Amino acid sequence: MWLLYKQSFRDNLVSVLGFSDTEADETIKSAKPRYKKIIGELPEFVPAMCHLDYTMNDMGGTSTFVRKYTLASGGQYCDYGYKKK
């Protein structure tokens, strides 16, 4: 699933957040190890933090948050996306 969103994520880092191409590539490269580190340090809080994704999305009301796997719940990767309502 990451392969489907990787380019979109990178494009937003550059166009929306103003990252350079190099900064965007480095951010993507370092994101997964950082997330795994957080899980290792705060394992009891991470599932609750992931659950907030649904709550925060519902507040917007224009899309549905979709996720099947998370690293926090033991998945090999975190796949998530949005479907327009």
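Of note:
- The relative contact order of the chain comes to 23 percent, based on Cα pairs under 8 Å that sit 6 or more residues apart.
- Label-point gap, in nm, between K29 and T62 - each point 7 angstrom along Cα→Cβ: 3.4
- Neighbourhood net charge (10 Å Cβ-Cβ; Lys/Arg +1, Asp/Glu -1) for F65: 0
- Non-local Lys pairs in the chain, i.e. 8 or more apart or on different chains, that have alpha carbons under 30 Å apart: 24
- Nonlocal amide H pairs with Y69, under 5 Å, H built at 1.01 Å: D79
- The helix-only estimate of mean residue ellipticity at 222 nm for the chain, built from DSSP H runs of length n ≥ 4 each weighted as -39500 (n - 2.57), is -19500 deg cm²/dmol after division by the residue total.
- In this structure the amide hydrogen of F19, modeled in the peptide plane, comes within under 5 Å of the amide hydrogens of V14, none closer than 5 places in sequence on its chain.
- Distant-in-sequence amide contacts of S63, defined by a placed amide H-H separation under 5 Å and a gap of 5 or more residues or a different chain, comprise K85.
- If the convex hull is drawn through the Cα atoms of region 2-84, its volume per residue in Å³: 109
The numbers here are math on the coordinates, done by the rules we state, and not lab data. Nothing here was measured: the structure is a model prediction, and the numbers come from that model. Methodologically, a virtual Cβ is constructed for each residue, glycine included, from the backbone with ideal geometry; neighbour enumeration extends over all protein chains shown.
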